[in-house]
Each structure stands twice: as C-alpha cells, then as structure tokens.
1. Can you list the HN-Hα couplings for region A:661-673, worked out from phi with the Karplus curve (6.51, -1.76, 1.60; θ = phi - 60°), rounded to whole Hz and with x for Gly and Pro?
2. Can you divide the C-alpha Rg of region A:241-297 by 2.2 N^0.38 Å and report the result to two decimal places?
3. Where the only charges are on Cβ atoms (+1 Lys, Arg; -1 Asp, Glu), what is the dipole of region A:767-810 about its Cα centre, to the nearest 20 debye?
4. At A:ASN230 and A:LEU648, where each label point lies 7 Å from the Cα along Cα→Cβ, what is the point-to-point distance in nanometres?
5. Quick one: A:CYS256, A:CYS800, A:CYS10, fewest Cβ neighbours within 10 Å first, how do they rank?
6. Taking amide H positions as placed in the peptide plane 1.01 Å from N, state which residues far from A:THR780 in sequence (5 or more) or on other chains have amide H under 5 Å from it.
7. Lys/Arg Cβ at +1, Asp/Glu Cβ at -1, dipole of region A:622-703 taken about the Cα centre: which of A:ALA658, A:GLN639, A:THR682 is farthest positive-ward?
8. Per 0.36 nm of contour for each residue apart, how much would the distance between A:GLN639 and A:ASP4 grow if the chain were fully extended, relative to their Cα-Cα spacing?
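Computed from the coordinates by the stated procedures, all read-outs in this text should not be read as laboratory data. None of these values were measured; they are calculated from a predicted model. Positions of Cβ are generated from backbone atoms using ideal geometry, with glycine treated the same way; all protein chains shown enter the neighbour counts.
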Amino acid sequence: MSFDVLIVTCLLYAAFLFVVAFAAERRAQQGKRNWVRSSLVYTLSLSVYCTAWTFYGAVGNAARSGLEFLAIYLGPTIVLLAWWLILRKLVRIARTQRITSIADLIASRFGQSNGIGVIVTLIAVVGTTPYIALQLQSVTLSFAVFTQESIQAFAPRDASGTALIVAMGLALFTILFGTRNLDAEERHHGVVMAIAVEAVVKLVALMAVGAFVIWGVASGPADIIDRINNSQIAQWHIDGARWVGLTLLSAAAILCLPRMFQVLVVECADEAHLARASWAFPLYLLLMSLFVVPIAVIGLELLPPGANPDLFVLTIPLAEGHGGLVLLAFLGGFSSATSMVIVAAIALSTMVSNHIVMPLYLSMRTTGASRAGDVRNVILVSRRLSIVGVLLLGYLYYSLSSGAEALAAIGLISFAGVAQVLPAMVGGLFWRGATRVGAAWGLLVGFAVWAYTLFLPSFGTSLLLSESVMQNGLWGLSWLRPYGLFGTEGLDPLVHALFWSITLNAAAFCIVSVLTFPTPLERLQSARLVDVFANTVGARGWSQGSVETEDLMIMTQRILGAREAQALFQEEARRQGAAGYLPDASPEFLERLERRLSGSVGSATANAMVGQIAGRSPTLVEDLLRVADEAQSILEYSQQLEQKSEELSRTALQLQEANEKLTALSVQKDAFLSQISHELRTPMASIRSFSEILRDESLGADQRAQFVTIIHDEALRLTRLLNDLLDLSVLENAQVELNLTQTNLSDMVDKAILASGAKVAKPALRFHRRKRDEQIMIDTDADRLTQVFINLISNAQKYCDAEEPVLRIRAGVVEGDVIIDFTDNGSGIPVENQALIFEKFSRLTDGAKVGGAGLGLAISREIMGRLGGEIAYLSDQGGAAFRVRVPARTAAAA
Amino acid sequence: MMPALGVFLFLLPALWQGGTDGGIGTSAGLTYLVGAWLGLILLAGGVARRLHNPIRQRAAQQNTRSPEP
C-alpha cells in the first residue's frame, strides 16, 4: 500500500468526520436533539478514554507485562458503577453552576477563586502534555510502519517532521471543530457526534483485527487459550502494589482528566444517560480489551523478536498481507489519537482561556468597567491560540523525550499528574470544611511531588535532573531521591510517586483546610455544591430561556420611563429590520439593554433583572453579593449626606444664636451710648454752670467753696468714668501686665472693704466673714484681684435693697483653686438679666442714681480671665451672689 | 454496594501469587476478570434499568411543574 493512499484516506476520513459534526450541529440548532443527545452517543463519546494508547499501547503492554493493562480499564469501570454517588453529583453541579471545565468546578467550589483555577489549569496542561505527545508518537509510528520498506526496523527516520505535521493538522482540525462558535454551556454537539463515530470506528477496527487473529491466524478461541498458555506471558506475574495502584489511578483519572471531565460531565445532557452509560461503557471497555491479549500473543509468535509490540495491531495484518484490514486498523488508531487530542485540546483551551488569558486580558484593559463588545472575538482567538499552544507543548515534549518511554508509561505519567486534582475535587464535593487555601496547598504539594518523582525523571537523566540527583537525592540528601523518597526503596517508580504525591497532597489539603477559615463566598459555594441535591430537585434541561420582549419592555419602562423605553425598543426593532415596535431579544440587544439599564440601577442589578426575565440561570450568589455591594454603597452615600445635613443645621442654629446675641448687644450698645453721653454731659454741664456762677463776683466765700467742691466732685466722677473705659480697653486688648506676688487673701479683702468705703457709707454695709478660712496665700496680681473685690463690694453697697444690707464673704479651696463667694441679702438679679450683667455697658438700674457706668463687672470678668480664673453669678442664693474662682498659683504670666 | 463489590473483585488478583510453579496463569486470570467484569456489567444494567425511569419521571415532573428559571 502506498503512502499516498494513506494520506488521501486520512484526509477523506477527516472530511467525513467534519461532515458528521456539521450535520449534528445543524440538527442541534434546529432543535432536533433527541437523537444527537441520546444516551448511546453519550456512552460512545466516553470512549475518548480509549486513546491511541489503548489501541496500540495496550497490546504492547500485554506483550511486555501480561494482564497489567487491564487495571487501566477496571478503574473506570468501578467509577461508572459508582455513578449514583459521584458522577450524578458532578453532573448536577455542572448543570446548576454552569461549569465548563474541571478547573472551573474546583475554582467555583472554593469561592470562585481564580487562583485555584489557574493552578488546576496548569496541572491539567502539564499533565496532559505527555498524553498529547503520546498520541503524536503513536500516529507518527503508525505512519512510519507504512513508510518503512521492512517491518522489522521501525525506528522512524524522520519522526519529528511527521509529528509536527500531525500536530499542525490536529490543531487545525480542533480549531475547526471546537471553536466554530461559543456556547455558554461549552457544549459541542458536533464534536461529540464525531467522537461517537470515531468510537465505533476504533471498536470495529480492533475487533476486526482481534477476530482476524483468533479465526484467521489461530483456529478459534480454544487454540488461542492454548497459545496463551504456551507464550512468554503465560505466567501471572503481576506486582500487587502496581495492580492496586494502577486500578485506583485509572479510577481517579477518569474523573480528573480534563477531556474525560469534558465528555463525562460537561457534555452530559441528561442524568438518565449516566444510568445507561454505567453498564454500557464498561461493556465497551471490555470489548476493547478482550482481544488485546490474543493479538499480543500472536504478535509475539509471528513477528521477529525485535518488533515493536506497540504496533502489533498494524504489523500483524501487514505481515499477513491483508491491506484492507491494515487500513482499517490504521484508521482505528488514527481515530483514537485524533478524538483524544481534539477533546483534550478543547477542554484545555477552555480552561486556559477562561482562567489565564481572559483574566489577564481584562485586567490589562484600562476601561475594565465598560463591557467590551468584542470580548467574544477575544475569547475565540484566545481559544484558538490555546489549542495551538497545547499541541505545540505536546510536540515539544515528544521531541524532548522521543523514544525514551514506551507508550503506556507516558500515559501513566500523565494520569498520575492529573490525579493530583482528585483530593481537592472529591474533598470539595463531600466535605464542607474544605477551604480554598487548603485546596491550593494540596494541589501545589501534590503537583510538586509528582513533578519531582515522576515527571522530571521521565525526560531522562541528561536533561533536567542530573545523574547525581537521581542517585544521591537533591542536594545530596539521600532521603530526597526521586525514586526513593524517605527511604522507600524498591517500589515501582509509578507506585512510589503516586503514593507519596497523593498522600502528601491529601494531607496538606486536610490539615490546611482545618487550620484556615473559608470566606463568606466560599461558605455559600460549599453549601451550594456539597448539598446540591437538597437545593435542586430533578433535572431541568438546558432549554434556552425564552425571553419575553414584552416583559423586558415593562421592566425597562419602569426604570427609564415610558417614552424613553419605547424609543429604545423601536430603535432596536429598526436595527433588526423587524416590523412593529418589539425587537427580538437577541443576545446583542440584551447586552445593550443591560448596559443602558445599568446606567440607572447599577450593573449588578441590571444584570440580575435582565437575567431574571431572560430566563438565564437563577441569580448566582456572586450576582446577589454584587447587588448587596451596590446597595451598601448607596446606603453609605445617603448616610454621609445625612451627616452633612445635620452638621449644616447645627451650624445654622449656632449662627442664629450668635446673631441674636449680637442684636441684643447692639441694642445695649445703642442704649449705653446715649447713657454714656448723658453721663458725660451731666458732670460737664454742672462743671460748666458752676464755673459760670463762680465768675460772678458777688458770691460769698462759703458759697464759692461749696461750688468749687461740687466742680471738683464732678471732675472726679468724669475722671473715674474715663479711667474705667480706659481700663476696660486695655484689658480687652490684652495689653495688661500682671504683677504676681504672694499675698494673703484676708489682707486683700480687708483692703477692698476699706477702699470701697462701704463701712462709712449710708446705709452702712455690714460684713459677715470667717477670717480663719481666709488665711490662704495666693500667688497672683494682688492689686487686680483687690480691684475685683472692691467692685463686688461696691456693687453690693449700691444695689442691695435690703433695709440692713449684709454682705457675706466665704472663702475656700476646691481642687487647687481658691473660691470666694460674695452674697448679699437683697433681692438679687432677675433671671432674665443674669446673662447680661457681665457684658459691657450693661446696667440694670438707672445709672444716675448710683453713679456707675456699668463697666465694673465687665472689667472684673476681664481681670479674672487674665488671672486664669473666672467670675460667675450664682442664682438661688437668697440674694445677689457672685463667685470668684482664682487659681492659687497663676501660671499665665500675661 | 456495587462499587465495593467491583473493588473487591478487581483487586483480588493483586493477592494472587505469581510464579512459574502452578500459579494462576494469564489465561485463567483473563477468564476470571472477564467473567467478573461481565457479571458486574449485567448487574449494573439491571440497576440502571430500575433507576432510569424514576429519573426520567422526576425530570419530566420538574419541567412541567416549575417553568420559572
């Protein structure tokens, strides 16, 4: 058979698959999904688990180590038998939370944490890379079988070149299949359909080769059993630990492999499909593995010892000269490889673009708030680039590790890497105490151990880990040897790596989870996911929500107002070219509407409202939290406003009070000005008139002396008045200098009584004092303080209206301040005037009668202020009562 | 129950003594595993048949009962 025929066959086959996928997509769009989504197609699509490794590698494995390959199929069988416990829950969660990948699931479980998503994505990419390399290797090898003249020498001459072409072809294929459109649910009906077809092709191909071997080469089942018993692999020599390890590993892998998650969970349309798959998929696996051992045995018998057992499926029919069968077998292998690569690349590109590229892109955009209209294109481009990147990585791995490993071994490295996700996933599904930090630690620890003990050594000793590290451990520490951690020597490297990575992973996950506390969002998500069956009853189906444009219209009217809403909808209808007023609720329109509404009610609320009416999934916790955030910020804003308005009204009240006081003072001032001019004019008038009389020569000496005395008295009164005014002005302008001395209080009171002349006045003022209490030394300006006392005493003498006026003087010390009370037995000062008596120019009675200018108390208050004390009126003391408080030590010197 | 049975049946071979002198041969092992496998598949088929209809009915009920999103 010529190489050209092979190429043409491949291209035709690819074209056929494309047509199948296209037709399936078409049917799905038309709503005829019943057949496209049948459980048969679902079950067949699961066969993406059986890759080129199964097709070629299992035979190779059987030829090398007997039945060990079976463990790889027994694990998935157990998982599917347990579908009611695990898979059903996964599918339900994926449906309610719109999960698009395994990274999405774990990120979502741990509070929508993108960090976790990134870790899982990286693990998936690194873990899947060897697997893609494996597919490239198998396709390359199978091509090589045809290009070689002799089937004995399989070493591919130009392996890298073929692998690169295959990788590029597969990338193109995947982009055409997987990223033709964007679906919110990440369903790919066309791809699933094509994979189901490929599943049939590979099953038929393998069974055809198997049947040929049993009935064509050997003579029936009995003969085959005889031949098995006589072959090199007749003896049962399975390492128990490896058997258990492989079974559990493959069980973990079917849950954790990105491509398996994609077909098993994401593409699952109906939980009932799981029920059928639970027995049909194990049956498929059984059929796939049934003929592996016969093929291996016959291959060992027929072909020369140097032949590569991985290629027995191809080389046996080739050696027997059955060209058609060879082609079928080749297509089977080709199908296995392509289906795996396509699904894996789709799954990985979804993860890479959702968890790495898009967050980066969105954070780099400065205008992150406004939703970009072309995000869709960005997503598509990033998906396509991711697909190319993933395949390129696979190719690089292939060219780096080329020929170093047999097919099965590469597959197992991949399995073990991806299995690191298992503790976080299963723990997250069933244990509400699991936290984000715990999951991150578990993942990182497991991944690191896997990389160190299995992945890096797979490159050979020359490339990344040197020979000395492999022999003596990292930094020469023997307990850190990649194949003998903590002295666990002699184990199979895979079992060893698996044991340590999963154990340390789970331990880190549990311990850190117990030690840390989840965030509120994590709590909500864990409740939603762990108790998913309590929250959702039964299946809901994925029918596209039918959007009621009228409902949207009503809602928009409420928010924007009727006229504006109608204008908006009409404009949209015109744009869509529809007659009438109501446009179709296309996604673009919904997006525009949401943007418009978010201007009025906030983006989160707008999103939730449109989502509610558009029948999208129920409002997510995140949406609710965003709504709550918005409400919170509005609340805070209104609180601030309230606070400000309170402040304003307080200030207004203070201003009003000040204004009232000013008005009252102004009135007083006017009154006083007229009084003072009157006061000044009265003595001036009498001085002028008496001096005129004195000019009259006819006056007697007696009269002259009397008039001169009057003139003198009036002049004194004028002087006193002017002195007071001057005094007050000096005090108010703080120009006074204090003359601090140590003086006895009693002496000062004595001096004040004497100076006031109250004892000699009529009626004489009597004093009640306790001289013993007054023996207090005060460090103050004695003259100024005495002046205050004089003022108070003369006031009592002037204004006390009792028949026998008595002034009681009491002194004492309170908290370091000296307190002197002056209380008379008069009628006191009316309450309404008490606030005014210390103001300048205030006088309660007619000034002419007592001859004061109303400045005494104002001066006293100023003096006390300078001395660091105060003077106050005490009400309800049975008369006018003033309290003078002065510090025993005056600190202020000015 | 069934997964536990599966684990038991599938991991049993790990305890078998390999060796040249009259241990269990590959063909016998293959026969045993295929037999166990088929048995489990038949069992799962029976269980799935019983569970299939209730799931469908519940899904249908759910769809008719709650049209809201």
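1. 5, 4, 4, 4, 5, 4, 4, 4, 4, 4, 4, 5, 4
2. Cα-based Rg divided by the globular estimate yields 1.37.
3. Details: 8 positive and 8 negative charges, 38 e Å.
Here the size comes out at about 180 debye.
4. Result: 10.7 nm between the two label points.
5. On the way: A:CYS256 24, A:CYS800 21, A:CYS10 18.
Fewest-to-most ranking of A:CYS256, A:CYS800, A:CYS10: A:CYS10, A:CYS800, A:CYS256.
6. Amide H neighbours of A:THR780, under 5 Å, 5+ apart: A:THR741, A:THR743.
7. In region A:622-703, that residue is A:THR682.
8. Between A:GLN639 and A:ASP4, full extension yields 220.7 nm more.
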